[in-house]
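The block underneath contains the structure these notes are about, expressed in structure tokens.
The values are calculated or read from the model by the stated rules, or taken from the named source; none is laboratory data. Given the structure is predicted, the values throughout are model-derived calculations rather than measurements. Neighbour counts run over all protein chains shown; Cβ positions are idealised from the backbone, glycine included. What goes into the accessible areas is simple: the full protein's heavy atoms, side chains included, and nothing from ligands, DNA or RNA. Shrake-Rupley method; radii C 1.70, N 1.55, O 1.52, S 1.80 Å.
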Amino acid sequence: MGYLLIEAHHREDLFIYESGSKDILAGKDAYSIDYVDGFHYYYSVLFALLIYPLTFLPVYIGNLLWLLLNAVLLYRIAIIISSYFDFTTLTKKQKLLFIILSFLFGLRFIWANFHNQQITILILYLSLEGLQFVFSGNKFAGALLIALGINIKILPVVLLPYLLYRREFKVSFLVSIFYIAMLFLPGFILGFEQNNMLISSWWKLINPFNSIHNLDVDEVSFHSLSTLLATLLVKNVPDKFAMHIHRNIMDISYDHLVLVLNITRLIFISFSLYFLRTKPFISKVSNMHRFVEISYLLLLIPLIFPHQQGYAFIFIMPAVSYIIYYLITQRNALPNSKFRIITAFMILSYLLCNLELLLGEFGEYYDHFKILTYGTLLVIPLLAVCYPLKKSLGKNR
């Protein structure tokens with residue numbers, strides 16, 4: 001609580017959300033306005049309306065309430081993730097080890113979200129809670145939460161093809177209906193002409209086909225496949241914050257970069273079939289099987305979408321928590337060599353993801369070489385190797 005009281009003094013991303021909210025309610029186009037050194041409001045019109053009451057509060061109180069909400073949602077995320085694991089077979093020391101290791105790995109992402117007063121914890125919560133509702137039978141509530149997450153920030157859209165693959169046709173339909181409704185609902189307050197103009201302006205800003213999203217180097221702290229490939233494959237990438245240290249291994253044209261980027265994205269998306277492991281439209285899978293495939297889809301989000309900063313990589317934590325659980329429960333079942341190799345690469349991934357927190361004085365080097373992206377990429381083969389053995393690792397529902 002003391003930490004939240006301190007962070008509430010800062011003016012961070014919540015200020016941009018509130019500024020965009022006030023401008024939209026004042027009849028302005030918030031998507032064409034620069035806030036705080038050229039930053040934009042990237043979120044939905046509906047979200048602007050939902051947070052508008054915060055603009056009436058003193059800045060400190062509004063910040064504190066937002067951080068408290070994030071703390072509650074983070075706790076609920078931890079509960080949802082834990083619900084997939086069977087802790088009855090673990091000793092107290094093993095349970096404590098799981099909690100400590102998961103917390104330490106995710107600490108950088110948790111800190112970044114609270115320090116920046118970000119929205120990512122909310123999006124992850126809506127995704128996990130929505131799926132929790134869907135697979136427990138409350139499909140209406142689940143679809144509503146997933147649609148809200150997609151409306152606020154498009155990232156959870158990766159769940160739609162998954163729901164179709166798992167024969168959740170009704171849920172997919174409801175998500176689509178709710179999403180469309182959420183797009184036009186603000187029209188009843190703002191007027192439909194104003195709302196339509198805002199939607200059009202919003203799309204121009206977030207359109208993934210914009211060249212700025214393919215080069216994706218507007219900020220030195222961007223990390224994703226688009227940023228990584230741009231810095232590796234283009235010699236004079238227009239990164240005004242870049243250090244004068246060589247990092248590209250090739251120099252290809254912009255058109256070739258776009259081609260390589262989209263092929264790479266397609267490869268990673270296609271690899272989801274490795275985790276799905278069933279024919280399409282089969283809905284009955286084990287609880288742990290479902291968790292692993294969901295974890296991979298969430299892990300993809302900060303990689304395949306542009307404009308991702310460190311706080312967005314909290315989406316990899318379900319996958320990380322699974323790997324940690326696997327290593328703890330399978331320690332005696334695995335050959336020593338395999339256990340040591342997985343553990344070594346897990347430590348390397350942890351360091352690459354958390355060096356900014358551990359040795360922040362060299363942060364400009366970490367951002368320059370995009371080591372967070374490498375750390376996240378390492379999680380993918382680890383997750384694949386740690387696929388459940390014959391013995392079930394989780395609860396069966």
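Scan the range 114-132 residue by residue and report those that are under 11 Å from the mean Cα position of the chain (by Cα), under 15 Å from TRP66 (Cβ atoms), in contact (Cβ under 8 Å) with a residue 40 or more places away in the chain and open to solvent by less than 10 Å² (accessible area, probe 1.4 Å). Within the range 114-132, ILE119, THR120, ILE121 qualify. Inside the range 229-263, residues that are of a type in the set (A, V, I, L, M), part of a loop (DSSP other than H, G, I, E, B) and closer than 13 Å to LEU215 by Cβ make up a count of 4. Pairs meeting the criteria (first residue in the range 364-379 and over 16 Å from PRO306 (Cα atoms), second residue surrounded by 17 or more Cβ atoms within 10 Å (Cβ to Cβ) and of a type in the set (Gly, Ala, Ser), beta carbons under 8 Å, at least 6 apart or on different chains) are GLY375/SER349; LEU378/SER349; VAL379/ALA319; VAL379/SER349.
The set of residues in the range 194-213 being open to solvent by 40 Å² or more (accessible area, probe 1.4 Å), farther than 15 Å from ARG265 by Cα and part of a loop (DSSP other than H, G, I, E, B) consists of ASN210 alone.
Here is a yes/no grid of residues against (1) in contact with a Ser or Thr (Cβ under 9 Å, 6 or more places away or on another chain); (2) within 18 Å of HIS307 (Cα to Cα):
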{"residue": "TYR17", "(1), (2)": "no, yes"}
{"residue": "GLY27", "(1), (2)": "no, no"}
{"residue": "TYR31", "(1), (2)": "yes, yes"}
{"residue": "GLY38", "(1), (2)": "no, yes"}
{"residue": "PRO53", "(1), (2)": "no, no"}
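Checking each residue in the range 26-49 for being closer than 11 Å to LEU190 by Cα, surrounded by 14 or more Cβ atoms within 10 Å (Cβ to Cβ) and in contact (Cβ under 8 Å) with a residue 40 or more places away in the chain picks out VAL45, LEU46, LEU49. In the range 264-336, counting only helices (runs of 4 or more DSSP H) that sit wholly within it, the ones holding 2 or more residues that are more than 11 Å from the chain's Cα centre (by Cα) and more than 27 Å from PRO208 (Cα to Cα) span 287-304, 317-329. Each residue in the range 214-229 was checked for being open to solvent by less than 40 Å² (accessible area, probe 1.4 Å) and touching a Phe, Trp or Tyr at 6+ places or on another chain (Cβ under 9 Å), and 11 pass.
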